[in-house]
Amino acid sequence: MPIDLSQFEQLKTSGDLPSPKGVALAIMRLTQHDDVSMAELARVIRTDPAFVGRLIKAANGVIGYGRRPIASVQDALTVLGLPAVRAMALGFSLLTNYRAGACDAFDYGRFWSVSLAMAVTSQALALRTRVAAADESYCLGLLARVGELALATLHPQEYSKLIEQNGRDGPLAMMQAERRAFAMSHAELGSAMLADWGLPKLFTDAVFQYEDPATIAAPEGSREYVITQSLATARQLGELCVAPDAQRPAHMKRLLIQGSRLSFDEPQMVTLCDHVAGEWVEWGALLNIHAQKMPPFTHLSQASQDEEDAAAEDADGLPDGLGLDANEVPAVVHVETPARDDAQIRAAFRAAGPLEQPAGSRLRVLVAEHDEGVRRQVMHVLLEAGFDVAEARDGHLAAEAALDFQPDILVVDWALPGMSGEELVRTLRQTRIGRHIYVLATAERADESAQVAALEAGVDDLLGRPISAKLLIARIRAGQRVSALQREIENDREEIRHFAAELAVTNRRLQEVALLDALTGFPNRRFIAERLQQEWSASTRTQRPISCLVIDVDQFRKVNDTYGNEVGDSVLRQISVAMRQAIRSQDIIARSGGDEFLVVCPDTPLEAAVACGERVRQAVERAEIVSGMLHVQVTLSVGAASRDGHVSDADTLVRRSEQSLRLAKDGGRNRVAATQLRNEAQRA
């Protein structure tokens, strides 16, 4: 049962739950608004060079091979999107601020090593299963165990005792002990925290269920099922990566069994593990997390074959809830087939002649056939015709091969073992890749009822058995023409998608240009007006203060009249650098026109805003403004105002700041003034 909401709210108000800090907190605040400017978000992100590097690496990890690498924050934001950036900021912030703690028995270093491996594994699985965005899956893997970190933070002494008493009994026993001690488990708490941080329910449910497969109510093959099993697979691989050498073969066996729940066979799982291990080491170096180089997983797979039975493997204390039960072993189906005259089959295929392959085209054909003799002969003629050919002997292998090989044409035996041809076709037609495959089925019966059933299942054509070589070639030629047209359509779609992606990047850049002042690099008046309204709304919701500064360069017209506009522009650029360095990271500065600037100070009372204005004034006064051989002394006048009972909206706040600015100018310039403070002094 999920955690009680009132109980969770009490934990939140205590202030002890792990939470984002610094730049991550600023990013999460910004991304709470759908209309947040990418330029403003990029500006906040650039203040943390470490996060910039992590963000760009994450973006390059999901764009695919052969594409132009991501090199800028703006492009990374466009590729990843706001939800992923928000979750990454959260995950990396927790990683930075909770590397150690007071829970003695909680191994913080091991926790983050496993979590990082889970992140990389979840991303790799998502790239193959396509059930979720790869970047969001990376964040899910990184944050999936946050409930354990939270309990170690909330109850360091008590949780340390629980780990010592129950830690080696597996996650299910640990969760039972947690419920007895804290009235909640780490799975329940972690799921509630992720929901509170805005992660989708699909992800929070997976975090709640993945350590206890018996709780998974979703039907096999559904998105929820695949995401949950992917998380369980990621945890198993993470535990393998940090396990002692002697325990790795046992972990590997459990991992292969767990991978079978996602229809990954052993070679596919080994390939995925080798890729994840390399990425794990790269990310470990970037995040300063221990990630050791792993031996080839083919060696671990071979070693796992020499292990004792599953009961002996469970005796080493490995987590029980992360894989199948010890007695669950994938079944191997053997099908007896009638004898064939190979010489007659070979002669028939040769008599049919080679296929005519269009110039510049190499179609991919998958042959799913249980009879090895027939399968080999069909493959032989297809290879001679210049096709790229793959094979599968049963339905499960054919489904995996179809997803990996992505054939243009599938020649499928309707009576495949394991998964029938009908089940295979229906499964493929539900996937993005499978919808475009031309399917030619072969069956013992090809009468009207059989053809209707096959066509309704998604087959494009049906061929009776025994197979006529000439008919097979003719049907494949027809499928070849359809596949060529389908390929042209897909190429057109890809060009449209590519154009749309480039257009999105261009629009983002145009939007940034439209909202930026070209001279100073600051946001312009249009941007600050929208931003001020957003911050005013946030202040209204939270009842927190908000202040505003209006800044004017003293006697700037004289600079332009005396030295010319070119010198004036140079002075403004140098003043902008000094002001940018003087304001706080959460403050938002913009050029509102000419020599006037506006600063919005969220969560800031009037006294703090006046102090901020004074810091900016002093920074510009001390700055060395140089243009050629000319040295210019520049000062500022600053007007400050804050929200109070007499300031009813954002426009009134700006007008009150402008009144304060006039007060500063009337007082002799080069100073900060606030009419509200003056009025209070007069009343006193």
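Looking across the stretch 526-577, the residues that are within 21 Å of GLY613 (Cβ to Cβ), assigned to a helix (DSSP H, G or I) and hydrophobic (A, V, I, L, M, F, W, C) come down to PHE527, ILE528, ALA529, LEU532, TRP536, PHE556, VAL571, LEU572, ILE575, VAL577.
When GLU614, GLU607, GLU624 are screened for being assigned by TED's automatic domain parsing to the domain that holds ASP554, acidic (Asp, Glu) and under 23 Å from ARG525 (Cα atoms), only GLU614 passes. On the stretch given as the stretch 151-174, residues that are under 15 Å from SER191 (Cβ atoms) and modelled with pLDDT under 90 total 1.
Is it fair to say GLU164 is farther than 30 Å from MET419 by Cα, surrounded by fewer than 20 Cβ atoms within 10 Å (Cβ to Cβ) and among the acidic types (Asp, Glu)? For GLU164, the condition - farther than 30 Å from MET419 by Cα, surrounded by fewer than 20 Cβ atoms within 10 Å (Cβ to Cβ) and among the acidic types (Asp, Glu) - is met. When ALA454, ALA441, ALA401, ALA484 are screened for being farther than 27 Å from LEU127 by Cα, assigned to a helix (DSSP H, G or I) and either of a type in the set (A, V, I, L, M, F, W, C) or touching a Phe, Trp or Tyr at 6+ places or on another chain (Cβ under 6 Å) (or both), only ALA454 passes.
Do you know which residues across the stretch 545-556 are touching a Lys or Arg at 6+ places or on another chain (Cβ under 9 Å) and either of a type outside the set (A, V, I, L, M) or not assigned by TED's automatic domain parsing to the domain that holds ALA578 (or both)?
PRO545, SER547, CYS548, ASP552, ASP554, GLN555
Given the criteria loosely packed, with under 14 Cβ neighbours inside 10 Å, at pLDDT 75 or above, farther than 30 Å from ARG531 by Cα and small (Gly, Ala, Ser), does ALA100 qualify?
Numbers: loosely packed, with under 14 Cβ neighbours inside 10 Å: yes; at pLDDT 75 or above: yes; farther than 30 Å from ARG531 by Cα: yes; small (Gly, Ala, Ser): yes.
Criteria met by ALA100.
Given the options ALA514, ALA518, name the one that is at pLDDT below 85, exposed (fewer than 13 other Cβ atoms within 10 Å of the Cβ) and not in a helix (DSSP H, G or I).
None of the others qualify; the one that does is ALA518.
Of all residues in the stretch 471-491, those that are closer than 17 Å to GLY434 by Cα have Cβ atoms under 8 Å from Cβ atoms of residues that are in a helix (DSSP H, G or I), 6 or more apart or on another chain, in GLN486/HIS436; GLU490/HIS436.
Yes/no per residue for (1) more than 21 Å from the chain's Cα centre (by Cα); (2) of a type outside the set (A, V, I, L, M); (3) part of a helix (DSSP H, G or I):
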{"site": "ALA217", "(1), (2), (3)": "yes, no, no"}
{"site": "ARG235", "(1), (2), (3)": "no, yes, yes"}
{"site": "ALA250", "(1), (2), (3)": "yes, no, yes"}
{"site": "SER263", "(1), (2), (3)": "yes, yes, no"}
{"site": "TRP280", "(1), (2), (3)": "no, yes, yes"}
{"site": "ALA291", "(1), (2), (3)": "no, no, no"}
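If you filter the stretch 198-255 down to residues that are of a type in the set (Ser, Thr, Tyr) and touching a residue at least 12 places away in the same chain (Cβ under 8 Å), you find that the one that is surrounded by the fewest Cβ atoms within 10 Å (Cβ to Cβ) is THR204. Which condition from (1) surrounded by fewer than 17 Cβ atoms within 10 Å (Cβ to Cβ); (2) polar (S, T, N, Q); (3) in contact (Cβ under 8 Å) with a residue 60 or more places away in the chain is the one that THR427 breaks? THR427 satisfies every listed condition except (1).
Is it fair to say GLN157 is over 14 Å from ALA144 (Cα atoms), more than 17 Å from the chain's Cα centre (by Cα) and touching a residue at least 40 places away in the same chain (Cβ under 8 Å)?
yes
If you filter the stretch 534-573 down to residues that are farther than 30 Å from VAL626 by Cα, modelled with pLDDT of 90 or more and among the hydrophobic types (A, V, I, L, M, F, W, C), you find that the one that is farthest from the chain's Cα centre (by Cα) is ILE546. Close contacts from the stretch 449-460, counting a first residue that is under 19 Å from ILE433 (Cα atoms) and a second that is modelled with pLDDT under 85, with Cβ to Cβ under 7 Å and a gap of 6+ residues or different chains, come to GLY458/ARG429; ASP460/GLY479.
Restrict the check to the stretch 499-510 and report whether at least one residue is polar (S, T, N, Q), surrounded by fewer than 16 Cβ atoms within 10 Å (Cβ to Cβ) and not assigned by TED's automatic domain parsing to the domain that holds GLY639. Yes, there is a match, as at least one residue in the stretch 499-510 is polar (S, T, N, Q), surrounded by fewer than 16 Cβ atoms within 10 Å (Cβ to Cβ) and not assigned by TED's automatic domain parsing to the domain that holds GLY639.
Of all the listed residues (ALA673, ALA611), the sole one being buried (at least 16 other Cβ atoms within 10 Å of the Cβ) and at pLDDT 90 or above is ALA673.
Exactly one residue out of ARG426, ARG465, ARG435 is on the phi < 0 side of the Ramachandran plot, modelled with pLDDT of 85 or more and of a type in the set (Lys, Arg), and it is ARG426. In the set LEU149, LEU154, LEU127, which member is assigned by TED's automatic domain parsing to the domain that holds GLN229, surrounded by fewer than 24 Cβ atoms within 10 Å (Cβ to Cβ) and more than 17 Å from GLN229 (Cα to Cα)? Answer to the selection: LEU154. Mind listing just one residue for me: the one in the stretch 545-580 that is hydroxyl-bearing (Ser, Thr, Tyr) and in contact (Cβ under 8 Å) with a residue 40 or more places away in the chain and, of those, surrounded by the fewest Cβ atoms within 10 Å (Cβ to Cβ)? Filtering first and then ranking leaves TYR563.
Looking across the stretch 357-379, just one residue is at pLDDT 85 or above, buried (at least 23 other Cβ atoms within 10 Å of the Cβ) and assigned to a loop (DSSP other than H, G, I, E, B), and that is GLU369.
In the set (1) modelled with pLDDT under 90; (2) surrounded by 14 or more Cβ atoms within 10 Å (Cβ to Cβ), ALA650 fails one condition alone, (1). Where helices (runs of 4 or more DSSP H) fall entirely within the stretch 583-684, those with at least 2 residues that are β-branched (Val, Ile, Thr) are at 606-622, 650-666. Does the stretch 590-600 include one or more residues that are without any contact (Cβ under 8 Å) to a residue 12 or more places away in the chain and surrounded by fewer than 18 Cβ atoms within 10 Å (Cβ to Cβ)? No, that holds for no residue. For THR442, the requirement of being among the β-branched types (Val, Ile, Thr), farther than 30 Å from LEU572 by Cα and either in contact with a strand residue (DSSP E or B) (Cβ under 9 Å, 6 or more places away or on another chain) or at pLDDT 80 or above (or both) is met.
Residues of the stretch 461-470 that are touching a residue at least 12 places away in the same chain (Cβ under 8 Å) and either among the charged types (D, E, K, R) or surrounded by fewer than 18 Cβ atoms within 10 Å (Cβ to Cβ) (or both): ASP461, GLY464, ARG465, SER468, LYS470.
The values are calculated or read from the model by the stated rules, or taken from the named source; none is laboratory data. Owing to the predicted nature of the structure, the values given are computational and were not obtained by experimental measurement. Neighbour counts run over all protein chains shown; Cβ positions are idealised from the backbone, glycine included.
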